[in-house]
Structures are given as C-alpha cells and as structure tokens.
1. Mind listing whichever residues of the stretch 42-69 are surrounded by fewer than 16 Cβ atoms within 10 Å (Cβ to Cβ) and touching a strand residue (DSSP E or B) at 6+ places or on another chain (Cβ under 6 Å)?
2. Does Ala57 fit the bill of being modelled with pLDDT of 95 or more, farther than 21 Å from Ala148 by Cα and part of a helix (DSSP H, G or I)?
3. Among the residues of the stretch 72-88 satisfying the criterion of being farther than 17 Å from Ser132 by Cβ and out of contact with any Ser or Thr (no Cβ under 8 Å at 6 or more places or on another chain), which is modelled with the highest pLDDT?
4. Out of all the residues in the stretch 131-162, which are crowded, with 23+ Cβ neighbours inside 10 Å, within 27 Å of Thr42 (Cβ to Cβ) and in contact (Cβ under 8 Å) with a residue 40 or more places away in the chain?
5. What number goes with the only condition from (1) assigned to a strand (DSSP E or B); (2) more than 24 Å from Ile13 (Cα to Cα) that Val161 does not pass?
6. Considering only residues that are among the β-branched types (Val, Ile, Thr), crowded, with 19+ Cβ neighbours inside 10 Å and at pLDDT 95 or above, which ones fall in the stretch 163-188?
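The values are calculated or read from the model by the stated rules, or taken from the named source; none is laboratory data. The structure presented is a predicted model; accordingly, all values stated were derived computationally and were not measured. Note that we place each Cβ from the backbone using ideal geometry, even for glycine, and neighbour counts take in every protein chain shown.
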Amino acid sequence: MVMFAPTLVHRDIERVVWTEAQIQQRVRELGTQLSTDYAGRTLTLVGVFAGAALFLADLARAVAPSVTVHLDVVGVSSYGNGTTTNGRPRITQMPELTIFGRDVVLVEDIIDSGATVAFLREQIQLVWGARSVRVCALLDKQPQLCRAEYVGFACDPVFVVGYGLDYAEAYRGLPYIGVLKPSIYQGV
C-alpha cells in the first residue's frame, strides 16, 4: 500500500483555502466542460504567463482526446511586486501561434479587477482576429470589468498564493492555494 505524506504548509501561509486534491478535482471538471463545449473541434488554450502555467498544463491534460488542443502563452504585467493591480496591463510576451480564425480559451489564474482579462479578450478578438474567445479562470473575485465563462472557484477578497499564484514571484510552486500572511507583504 502506498502512503502519501500530508502536504506541509509553508510558514508564510495563514491558512489553506483549497487543497491540492480540491484543485485537481475542479480542474478535471473544467476539462470535462471544455471537452463537451469543444467536442470534435480544435481549441487553442492561451495561458496568461506565468501565473496560469500550472493551471494551463493541468487543464490541457484534463480535456478529452475528442478535442484537439493547441497551447500557447501570453505575457502580461499589471501587478509588479505589489498585491493590487495598477490597472494598466501591458503585453510582455506575444503568443507564438497565429490566433486568427481560432477558437480561443484564455486561461487565467485569477481575475481580480478584470482589467487584464478585458484587455486580453479585446486584444485576442479584435486585434489578433480569433473566431471566438472565452475565459477560464481558476479563481474569480467577482470582477466588474470582465467575467469568465468557466470558473474554478469564487475567491474572497484576500491575497492568495500557490498553484501558480505568486507574491513577488515567490510561492508559485505550492501545490495548494492559501492566504498569505499580511506581515509578508505589509513589511511588518
């Protein structure tokens, strides 16, 4: 019999909000939804780098073989080393694939204000010429500017890290999502 050790919680985490098992279960469910919605078609998943990288990889594997999946990433910056968006997203890395005429699902780790997703949705649809654009977000903080068609979890307005989410590029590799202790980012 194989025994798994419990995941150790990082000392900077106040509390775990979603465990690794909960995240993986929800990713499989989202993969099933995408498989149904895009059955027999080609789907281009475009992840917002670097936060959505883990989610993008797991989501792509959760989509059924009846869907041909192409993967790409787009780099966007709007946070810097802070805990809130500056409201002015800018593209830092262009996708490698041609987006024109494709069905695209933009894969985001978290939608906070919605400014970045609204900006990218418009860019993908109007500038890069995608046939369709939908958004799949792991976490959704109920933004006013842009909503996702596929949502992993509704998130309270707390600062979370793990499973790709970071603070100053740290904590991305945690297998769970947890609330970062305020003393870490408030300098207390």
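1. Thr42, Thr68
2. So Ala57 fails the test.
3. For the stretch 72-88, the residue satisfying everything is Val73.
4. Listed by number, the residues that qualify are Cys136, Leu138, Gly152.
5. (2) is the only condition that Val161 fails.
6. Hit for the stretch 163-188 is Ile177, nothing else.
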